[in-house]
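In what follows, a single structure is set out as structure tokens and then discussed.
The values are calculated or read from the model by the stated rules, or taken from the named source; none is laboratory data. Everything numeric here is computed off the predicted structure, so don't read it as measured data. Neighbour counts run over all protein chains shown; Cβ positions are idealised from the backbone, glycine included. Surface areas here come from the heavy atoms of the whole protein model, side chains and all, with no ligands, DNA or RNA. Shrake-Rupley method; radii C 1.70, N 1.55, O 1.52, S 1.80 Å.
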Amino acid sequence: MRQALAAAATRLGFSETPRLDAELLMAHALGVGREQLLLRHLDDPAPATFAALIERRLAHEPVAYITGRRDFWSITLAVGPGVLIPRPDSETLIEAAVAHFTGRPPAMVIDLGTGPGTLLLAALAEWPEARGVGVDWSEQALSYAHKNAEALGMADRVLLRRGDWASGIAERFDLVLCNPPYIAADEALPAEVRDHEPAAALFAGSDGLEDYGIIAAQLPRLIAPGGMAAIEIGATQAAAVTALLSAEGLNVALRHDLAGRDRCLVATP
């Protein structure tokens, strides 16, 4: 197995994380976690199914689609074709919420563009007494979100609905989470993103800002007194999106991801 992992990592040189990719796929082939693989199985024979998984990765299929799962914050989510794969950078939004609600947990959460339930279910895992609403235009994404809520034992705390951002929603929420599409139409992307993940969850017009104006106009009526919104942005979009939020009378603060890039805007009434 050590030899198979080394050989696979060499072949996966196009990836930013070739060794990690190989280990995750090997663990998936064995039906164990990566930690168990590294601690207990490296001297075992490589399973016959590993080679086929590597071939799929060589075709630039995302590891998360091959394994059908992705870890995010404190939870594991089922993912697959048709849904945006959760990224560690998006955990910046949950970190911002944790900082805001110190000693006073949010009671109601809404996640606009919830995908497979990423931000919503992470927030509900963080605050076990909270309840939440997840909105997405994609029926496929909502199907994954429902599956994940069931698997995490949160189905009775979650309402999932198909919608266009917050249109038709009259309630107010302590915490509003949103990771909208923000990539410009002509921006170059890795093949595993461009060819596999849903374009509707990635691209937002010629400048990547198409959806922010809609969301900004909806936020003042969504955020409950003392609440906040955490909105993900691209690394070069802080000034433009801040201007949109400020024009709606919101106070805005910027938070950075672990790499130091602009990643999240916190909006408060």
Go through (1) open to solvent by 30 Å² or more (accessible area, probe 1.4 Å); (2) hydrophobic (A, V, I, L, M, F, W, C); (3) over 21 Å from GLU197 (Cβ atoms); (4) out of contact with any helix residue (DSSP H, G or I) (no Cβ under 6 Å at 6 or more places or on another chain) and name the single condition LEU58 misses. (3)
Looking at the stretch 15-39, which of its residues are buried (at least 18 other Cβ atoms within 10 Å of the Cβ) and either assigned to a helix (DSSP H, G or I) or aliphatic (A, V, I, L, M) (or both)? ASP21, ALA22, GLU23, LEU24, LEU25, MET26, ALA27, HIS28, ALA29, LEU30, LEU37
Hey, any hits in the stretch 94-115 for a residue that's in contact with a helix residue (DSSP H, G or I) (Cβ under 7 Å, 6 or more places away or on another chain), open to solvent by 20 Å² or more (accessible area, probe 1.4 Å) and β-branched (Val, Ile, Thr)? yes
Taking the residues in the stretch 196-228 that are among the charged types (D, E, K, R) and under 18 Å from the mean Cα position of the chain (by Cα) as candidates, determine which candidate is surrounded by the most Cβ atoms within 10 Å (Cβ to Cβ). GLU197
Quick one: which residue in THR67, THR76, THR92 is of a type in the set (S, T, N, Q), under 24 Å from GLY13 (Cβ atoms) and modelled with pLDDT of 95 or more? THR67
Out of LEU42, LEU12, LEU53, which single residue is open to solvent by less than 50 Å² (accessible area, probe 1.4 Å), over 24 Å from LEU84 (Cα atoms) and over 21 Å from the mean Cα position of the chain (by Cα)? LEU42
Within the stretch 171-204, the residues that are without any contact (Cβ under 8 Å) to a residue 60 or more places away in the chain, more than 20 Å from CYS264 (Cα to Cα) and not aliphatic (A, V, I, L, M) are ASP186, GLU187, ARG194
So, in the stretch 252-269, of the ones that are touching a residue at least 40 places away in the same chain (Cβ under 8 Å) and assigned to a strand (DSSP E or B), which residue ends up surrounded by the fewest Cβ atoms within 10 Å (Cβ to Cβ)? HIS256
Cross-chain or 6+ apart pairs with Cβ under 8 Å, the stretch 54-81 first and in contact (Cβ under 8 Å) with a residue 40 or more places away in the chain, then among the aromatic types (Phe, Trp, Tyr) and open to solvent by 20 Å² or more (accessible area, probe 1.4 Å): HIS60/PHE14; LEU77/TYR144; ALA78/TYR144; VAL79/TYR144; GLY80/TYR144
Checking the structure you have, find out if any residue of the stretch 130-151 is closer than 22 Å to ALA238 by Cα and open to solvent by 80 Å² or more (accessible area, probe 1.4 Å). no
